[in-house]
Amino acid sequence: TSPSPVKAQDLTSQTRTKRLVYEWTGGTGYGAARRSSRVLADERARQVVEDSLILPPPDLVASRRRVSPRFAGQLSPLGEGSKKLPQALIIGVKKGGTRALLEFLRVHPDIRAVGAEPHFFDRNYDNGLEWYRELMPKTLEGQITMEKTPSYFVTREAPARISAMSRDTKLIVVVRDPVTRAISDYTQTLSKKPDIPSFESLTFKNRTTGLIDTSWSAIQIGIYAKHLDNWLQYFPMDQILFVSGERLISDPAGELGRVQDFLGLKRIITDKHFYFNQTKGFPCLKKAEGSSKPHCLGKTKGRTHPNIDPEVVQRLRDFYRPFNMKFYQMTGRFFGWDD
Ligand SMILES: Nc1ncnc2c1ncn2[C@@H]1O[C@H](COP(=O)(O)OS(=O)(=O)O)[C@@H](OP(=O)(O)O)[C@H]1O
């Protein structure tokens, strides 16, 4: 089959992204002031990032699939309404707090969301938009359809594909301190594969020189500024909202206020909807969507992290600092990860 227009567009984007990434890694001046061997090592690492950031093409599913029951969304009253493509997406980041945000947003009567992660714009794109639309819950006039798939944020093709669906799609990214995010990511993998090497050994290409292995996805995902560059080729900044993963825990109502404003919704989700569950150690909902009972997220959310060698944590903090600074500059928000 001949390539679709979207794929041709993707290729142009790849070239453009590479050029841009090159320009800003060379031109920001971050690190130029203190050119220690560590900084030089970081520069080398950034070069590696530039080459490896373009993630491998997704494992596209060729055949049209039947919609699985686990995708079944919420029903509108009396099952009325129609299925629409999402107008807003939570695109990342993995382990940022994306499930908490979606569960909290579902409390809003004007939001209808798919529970499972459709992975349409990365793994299932070849299934086509109709397949995607079928996954969505029915909505009434004025309601917003949403889904969350955290891997979109680091998928090279995702911005062009989402823009091809609708240039007006609103994008939400929950970001979290990249060092804690990496440890959280590792903790999740460890829970499934207990025999993997230690976090410390996976972090470095060479522990003696301190060269960080930026090809390890746990590290690469946290280079937010670089991934964001790719999105900015297709979407203006005011169409992307950044939610602080830390604030989502310390002040969920505050962050939900910002999200409701961004989506053009009345601020219905407020402080009254949350309580802090001491046992869970996280905010929970007093009443989940469609229920009268309190609801905390499940056991896979809020895992205990292993202790990581403090020197390795410090090395990672040093590595991420210039990328974080760039990210604060781009988004106009200070996330406070480098205090
Ligand atoms: N209210 C509430 N309850 C439980 N957990 C919360 C909450 N708010 C944010 N978080 C944080 O969400 C982290 C998991 O992020 P994601 O849901 O984005 O993970 S995933 O990418 O979908 O696997 C998860 O990471 P870990 O603590 O490392 O497990 C939590 O820290």
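No lab work stands behind these numbers, since they all come straight from the coordinates. Fair warning: this is a prediction, and the values are worked out from it, not measured in the lab. Reconstructed Cβ throughout: ideal geometry from the backbone, glycine too, with neighbour counts over all protein chains shown.
Across the range 294-312, the residues whose backbone nitrogen lies under 17 Å from the label position 7 Å along the beta-carbon direction of SER198 are 305-312. Label separation (LEU85 vs LYS272): 3.7 nm, computed from points 7 Å beyond Cα along the C-beta direction. Which percent, to the nearest 5, of DSSP beta bridges fully inside the range 77-231 are antiparallel? Once the DSSP bridges in the range 77-231 are tallied, antiparallel ones form about 30 percent. The equivalent ellipsoid of the range 195-311 has semi-axes of 34, 24, 11 Å, largest first, where each one is the square root of 5 times an eigenvalue of the Cα gyration tensor. For the range 202-253, the spread of Cα positions along the three principal axes, ordered from largest to smallest, is 43, 33, 14 Å.
With 18 Å as the limit, the listed pairs LYS138/LYS272; LYS192/LYS299; LYS138/LYS286; LYS170/LYS326 have LYS138/LYS272; LYS138/LYS286; LYS170/LYS326 beyond it between alpha carbons. Computed from the Cβ-Cβ distance with R0 of 25 Å, the FRET efficiency linking LYS280 to GLN188 stands at 0.90.
Placing dummy labels 7 Å off each Cα toward the beta-carbon, the span from ASP339 to ASP126 is 4.9 nm. Bridge orientation summary for the range 171-311: considering DSSP beta bridges with both residues in this region, about 60 percent are antiparallel. Rounded to whole Å, the principal axis extents of the Cα atoms in the range 124-185 read 41, 26, 20, largest first.
Computing Rg and the Kirkwood Rh from the Cα coordinates of the range 244-339 gives a ratio, Rg/Rh, of 1.05.
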